[in-house]
Amino acid sequence: MTIIDLIIISSFSLGLFLSLSLIISPFFKSTANKYLALSLLTLLVIIITGKYNDTSIFLAFIQDIMLEFLVAITLFSYFLIQIEHRYIKQSWYKWLYLPFFITLLVDVSLDLDHLFNLYNSTFKEESFIVQLFYTLEEYLSFLYNVFFILFARKLIKKSTTLSKEKKDWLLKLNFIFIGAIFFWFITEIELAVFDTGHSRDILWAFLSFMFWWVLYYGVFKLQIVTQKDEIHHYLATAQPKVEVEVVLESKPKIQAETEAIKESIPDVTATISHSKYIDLLQDLMANKQLYKNPLLSRLDLANELGISEGYLSQAVNKVTGKNVIQFVNEYRVSLVKELLSNPEFDKYSIEAIYSEAGFNSKSVFYNSFKAETNMSPGMYRKSYTKAS
C-alpha cells in the first residue's frame with residue numbers, strides 16, 4: 001500500500017464521517033449542509049472510482065458515470081441557500097440537473113453492453129461516436145463546474161444579506177473548490193500530454209486535504225458564524241434595541257440587556273471625577289454595546305469618552321479595582337450568562353454565544369467566565385436546564 005493509498009483511505013473515512021455528520025448531527029443539520037454532504041459524498045465516490053476503477057468492474061461502471069455534473073449543481077445549491085438567493089426557488093432551477101441525467105442514461109446504456117455484455121448495441125466502445133461522446137462529456141463537465149463555482153463566488157461577493165464573517169468563510173470554502181478544479185485541469189493536461197498519472201495522485205492528495213479543511217475550518221467555523229448571526233438577529237429584533245428575553249429563577253420575564261449587565265457590575269464609590277467617566281463608560285457599554293466588538297481597544301474607549309488611555313486605565317482601576325480588559329470582559333460574561341440561562345438559546349453552541357458577546361479567544365472566555373462564576377459554561381448552562 002502506497003502513501004497515496006493511505007491518503008485516499010483516510011480521506012474517504014473522514015469524508016464519510018463529515019458527510020454523515022452534516023446530515024445527522026443536530027449541530028450541523030440544515031438544508032444547505034445536506035447539499036454540501038451530497039457534494040462531498042459524490043466527490044468521495046469520484047476519488048475511489050477514479051483511483052481503483054481497474055480493480056473492479058463495478059467501480060469501473062460507477063467511474064463511467066459523470067458524477068461531476070452532479071457535484072457542480074449540488075455545490076452551487078449549497079452556496080445559494082447559504083446566501084439565501086432567489087435562484088434556488090426558481091422553477092427553471094431543477095433543469096440544471098438535466099446534463100447529469102442525460103449523461104447518466106447514456107453511460108449506463110453503453111456500459112450495460114461494453115462492461116456487462118447484457119445486450120449488443122450498435123455503438124461499440126471503440127467507435128468514433130462513442131469516443132466523441134466520452135470526450136465531450138468529460139470536458140463539458142469540467143466547464144460546468146468552472147462556470148458554477150465562479151458564478152457562485154460572484155453571487156457571494158454581491159450578497160448584501162451576509163455578515164462580513166460569513167461572507168469571508170463562504171469565499172474561503174469556494175476558493176478551496178476552485179483549487180480542486182484547478183488541479184483537475186492540470187490532471188487532464190498531464191494525462192493528455194504525458195499520460196503518467198502523477199498529477200492524478202496530486203489531485204487525490206489535494207482532495208484529501210480539502211476534506212480536512214472543510215471539516216475543521218469550513219463547516220465547523222461557518223456553522224459557528226451562522227449561529228452567531230442568528231443570535232445577533234434575535235437580540236436585535238426580539239425586543240427594541242438592546243432588550244433580550246431572559247428566564248431567571250424559573251420566572252419568565254423580559255429584561256433589558258442594560259439592566260442585566262449593570263446588575264452584574266460592582267457599584268462605584270471612587271472620586272467624583274473618576275466616577276463620572278465610569279458612569280459614562282457604563283452607559284456606553286450598555287447602550288452602544290461596545291463590548292460586543294472583539295477588536296475593542298483601550299484607545300477606542302478613551303476616544304469615546306474624550307480622555308487619554310492612561311486616564312481611562314486610572315479611572316477604571318480606582319473605581320472598580322480592575323484593569324480595562326477585565327472591566328470589558330465583565331460585560332461580555334454577563335451577556336453570556338444571560339444567554340446560557342435562556343432556553344431560547346439552548347440550540348446554539350457555547351462558542352457561538354461567546355463570540356456574539358465579543359470574545360474572540362476561547363481560553364480568555366473560559367478563564368473570565370470561570371473567574372466570575374466558579375464553574376464552566378457547560379455546567380452553568382446545565383444548572384439552568386435542570387432547574388427548568
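Residues that are among the β-branched types (Val, Ile, Thr), out of contact with any Pro (no Cβ under 7 Å at 6 or more places or on another chain) and in contact (Cβ under 8 Å) with a residue 60 or more places away in the chain: does region 51-59 have at least one? Explain how you work it out, then say what you get.
Kept after step one, since they are among the β-branched types (Val, Ile, Thr), are these residues of region 51-59: 55, 57.
From the residues that got through so far, the ones that are out of contact with any Pro (no Cβ under 7 Å at 6 or more places or on another chain) too are 55, 57.
Now narrow it down to the ones that are in contact (Cβ under 8 Å) with a residue 60 or more places away in the chain: none.
Looking for residues that are among the β-branched types (Val, Ile, Thr), out of contact with any Pro (no Cβ under 7 Å at 6 or more places or on another chain) and in contact (Cβ under 8 Å) with a residue 60 or more places away in the chain, one finds none in region 51-59, hence no.
Among the residues of region 260-279, write down those that are open to solvent by less than 80 Å² (accessible area, probe 1.4 Å) and modelled with pLDDT of 85 or more.
Scanning region 260-279 gives 277, 278, 279.
Inspect region 363-372 for any residue being crowded, with 20+ Cβ neighbours inside 10 Å and closer than 18 Å to residue 231 by Cβ and give the result as yes or no.
Our first condition is that a residue be crowded, with 20+ Cβ neighbours inside 10 Å; within region 363-372, this holds for 365, 368-369.
Next, only the ones that are closer than 18 Å to residue 231 by Cβ stay: 365, 369.
Looking for residues that are crowded, with 20+ Cβ neighbours inside 10 Å and closer than 18 Å to residue 231 by Cβ, one finds at least one in region 363-372, hence yes.
Is it true that residue 127 is loosely packed, with under 15 Cβ neighbours inside 10 Å and touching a residue at least 24 places away in the same chain (Cβ under 8 Å)?
Working: loosely packed, with under 15 Cβ neighbours inside 10 Å: yes; touching a residue at least 24 places away in the same chain (Cβ under 8 Å): no.
Criteria not met by residue 127.
Of all residues being β-branched (Val, Ile, Thr) and in a helix (DSSP H, G or I) in region 51-76, which is most open to solvent (accessible area, probe 1.4 Å)? Just the residue, please.
It comes out as 55.
May I ask you to list the residues in region 154-170 that are surrounded by 15 or more Cβ atoms within 10 Å (Cβ to Cβ) and free of Cβ contacts under 8 Å to residues at least 40 places away in the same chain? Even if it seems obvious, please write down each step before you answer.
Let us first name the residues in region 154-170 that are surrounded by 15 or more Cβ atoms within 10 Å (Cβ to Cβ), namely 155-156, 159, 162, 165-170.
Passing the criteria: 167, 168.
Could you list, in sequence order, all residues of region 320-360 that are β-branched (Val, Ile, Thr), touching a Phe, Trp or Tyr at 6+ places or on another chain (Cβ under 9 Å) and closer than 14 Å to residue 301 by Cβ? Break it down stepwise before answering.
The initial filter retains those residues of region 320-360 that are β-branched (Val, Ile, Thr), namely 320, 324-325, 328, 333, 336, 350, 353.
Add one more test, that the residue is touching a Phe, Trp or Tyr at 6+ places or on another chain (Cβ under 9 Å), and what stays is 320, 328, 333, 336, 350, 353.
Passing the criteria: 320, 328.
Looking at region 212-231 only, could you name the residues that are over 8 Å from the mean Cα position of the chain (by Cα) and either at pLDDT 85 or above or within 18 Å of residue 84 (Cβ to Cβ) (or both)? Before the answer, list the steps.
Restricting attention to region 212-231, the residues satisfying the condition of being over 8 Å from the mean Cα position of the chain (by Cα) are 212-216, 227-231.
Hits for region 212-231 are 227, 228, 229, 230, 231.
Of the residues in region 102-142, how many are aromatic (Phe, Trp, Tyr) and in a helix (DSSP H, G or I)? Walk me through it before giving the result.
Start the filter on region 102-142 by keeping residues that are aromatic (Phe, Trp, Tyr), which leaves 116, 119, 123, 128, 133-134, 139, 142.
Adding the requirement that they be in a helix (DSSP H, G or I) leaves 128, 133-134, 139, 142.
Of the residues in that region, 5 qualify.
Against the condition surrounded by fewer than 15 Cβ atoms within 10 Å (Cβ to Cβ), over 29 Å from residue 281 (Cβ atoms), of a type in the set (A, V, I, L, M) and free of Cβ contacts under 8 Å to residues at least 24 places away in the same chain, how does residue 375 come out, does it pass? Before you say what the answer is, go through the steps one by one.
Numbers: surrounded by fewer than 15 Cβ atoms within 10 Å (Cβ to Cβ): yes; over 29 Å from residue 281 (Cβ atoms): no; of a type in the set (A, V, I, L, M): yes; free of Cβ contacts under 8 Å to residues at least 24 places away in the same chain: yes.
Here the answer is no, as residue 375 does not meet what is asked.
In this structure, is residue 349 out of contact with any helix residue (DSSP H, G or I) (no Cβ under 9 Å at 6 or more places or on another chain), modelled with pLDDT under 95 and either surrounded by fewer than 20 Cβ atoms within 10 Å (Cβ to Cβ) or farther than 22 Å from residue 282 by Cα (or both)?
No: the conditions fail for residue 349.
Starting from residues that are at pLDDT below 85 and over 13 Å from the mean Cα position of the chain (by Cα), keep the ones in region 25-39 and report whichever is most open to solvent (accessible area, probe 1.4 Å).
Result: 26.
Check off (1) touching a residue at least 40 places away in the same chain (Cβ under 8 Å); (2) surrounded by 19 or more Cβ atoms within 10 Å (Cβ to Cβ); (3) among the aliphatic types (A, V, I, L, M); (4) in a helix (DSSP H, G or I) for residue 46 and give me the number that stays unchecked.
(1)
Out of 356, 338, which single residue is open to solvent by less than 20 Å² (accessible area, probe 1.4 Å) and touching a residue at least 24 places away in the same chain (Cβ under 8 Å)? Don't jump to the end; show me each part of the working.
Details: 338 fails: open to solvent by less than 20 Å² (accessible area, probe 1.4 Å).
356 is the lone residue from the list that is open to solvent by less than 20 Å² (accessible area, probe 1.4 Å) and touching a residue at least 24 places away in the same chain (Cβ under 8 Å).
In region 290-316, what residues are of a type in the set (Asp, Glu) and farther than 25 Å from residue 355 by Cβ? Please lay out each step first, then the result.
Pass one, region 290-316, residues of a type in the set (Asp, Glu): 300, 304, 309.
Scanning region 290-316 gives a single hit, 309.
The values are calculated or read from the model by the stated rules, or taken from the named source; none is laboratory data. Please read these numbers as outputs of a predicted model, since none were measured by experiment. Positions of Cβ are generated from backbone atoms using ideal geometry, with glycine treated the same way; all protein chains shown enter the neighbour counts. Accessible surface areas use protein heavy atoms only, side chains included; no ligands, DNA or RNA. Shrake-Rupley method; radii C 1.70, N 1.55, O 1.52, S 1.80 Å.
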